[in-house]
Each structure stands twice: as structure tokens, then as C-alpha cells.
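Notes to accompany the following structure.
All of the numbers you see were taken from the coordinates with simple rules; none came from a lab. Treat the numbers as computed from the prediction; the structure is a model and nothing was measured. All Cβ positions, glycine included, derive from the backbone under ideal geometry; neighbour counts span all protein chains shown.
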Amino acid sequence: MKDFKAKEFACHTAAMAETPGVPEPTLEEQIAAYQREFQDLDPQVEKIVSALSRLNRRMNVAYGRQTADLGISNAEWEVLKALVLSGAPYRMGPGELAKRLGLTPAAMTHRIDRMVSEGLVTRERDESNRVRVIVELTPGGREKWLEAMRLATVFEEDLLQDLTPTERAVLGEVLTRLLRRVEHAQPDAGGRLSDLD
């Protein structure tokens, strides 16, 4: 496995949003352009939501590169994570997984097929109910999840290195409040608008 270096990911992440020769506008440039076209814009609000959006995009790219280095996709990581979060023995039905990840049953089946062939999960009939299928994390799948978590921990510590413990606590609380508001207003928005794989 390739050695992980947080600084390499930071450099890759900073460069990912730029098309060669076409740098992304700064937040200030973006807000100024928006204000020119839409005078009712609150620049303080726009700076917050734009920064969150850009941060989310770059973090997703960084995590995607980490999982790719481990030989798994972000889509497969999502399944591994859902199974780990379900608790030992790390088993769920395909329908439960599809709902958790916001996927159609067909997309979930395709994803599970791929993961079974890679040895990350097994798919068996439930002995107590032969109609029901159970997807279970394999030891190899759990090790992939652990490896991804180790890499993510280094990346996340590097990301937050300039924040004091108090700032981290405040930021965590503020972001959680924003998340709760969105979850309350958009309770069905946890999945995807469409299947991406």
C-alpha cells in the first residue's frame, strides 16, 4: 500500500478545483460577481455557504483519492461504512442498505455484486427466512474500512491543525446546528438525487 502523506493530499485537494489555465475564482471574487448580478445577496451568508460547499467538494476528492489508493471506490466505502455503523456482526439487508444510501434497489444490487466479487462483503440467504438476503462485511472488508479510517484521521487532523480545541468544539457545535436545521427542513434529502454509479 502506498504511504499516505497528508501534505500531498492537501496539495492535490487545493489543485483539484482548477481546470488547467482556468483558476477557480476566490470566494471574494465569487461573492462580488454574485452581488453584481443579484443585489439582494447577503455577502456574509454567501461566504459561509460557499466556503462550506468548496470545503465539502475538496474533502470528497481527497477521500476519493484515499479510497482509490486502497483499491476501493467511494461508493464501496459507503457500503462498508453503513455495515460498520450497523454494529457487529455487521449485517444488513440490501433493501436497508439501499434506503440508507439513497439508492435504487437495482443500483444497490450492482454495487453489492461488485463488492462480493472483490471479497469485501458476502451475500447469503437468511437461514431463518429464506426469502430474505443478508449482506455481511467480510474480515477483508472490515480491514479496508480500518485502513481508510487511518488515512482519513491523518488527513482530518492536518485539515484542523490550525484550530484550537476550543475552536474545534465551537465549529463542531455550529455545524451540527446547521445540519439539524437542514435535516428538519429537508428530511428526505439524506440520499442522492440520482444514482451515481
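Starting from residues that are in contact with a Leu (Cβ under 8 Å, 6 or more places away or on another chain) and among the hydrophobic types (A, V, I, L, M, F, W, C), keep the ones in segment 53-72 and report whichever is surrounded by the fewest Cβ atoms within 10 Å (Cβ to Cβ). Outline the logic, then answer.
Of segment 53-72, the ones in contact with a Leu (Cβ under 8 Å, 6 or more places away or on another chain) are 54, 59, 66, 69-70, 72.
In the following step, the residues that additionally are among the hydrophobic types (A, V, I, L, M, F, W, C) were identified as 59, 70, 72.
Details: M59: 16, L70: 19, I72: 22.
Step by step, filter segment 53-72, then rank; the result is M59.
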Check your understanding: Based on what the data block shows, is A98 at negative phi and either under 19 Å from the mean Cα position of the chain (by Cα) or among the aromatic types (F, W, Y) (or both)?
Key -> yes
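Condition check: closer than 24 Å to L171 by Cβ and exposed (fewer than 14 other Cβ atoms within 10 Å of the Cβ). Does L27 satisfy that?
Details: closer than 24 Å to L171 by Cβ: yes; exposed (fewer than 14 other Cβ atoms within 10 Å of the Cβ): no.
No; evaluated as a whole, the condition is false for this residue.
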Review point. Is it the case that L83 is in contact with a helix residue (DSSP H, G or I) (Cβ under 7 Å, 6 or more places away or on another chain), surrounded by 19 or more Cβ atoms within 10 Å (Cβ to Cβ) and in a helix (DSSP H, G or I)?
Key: no
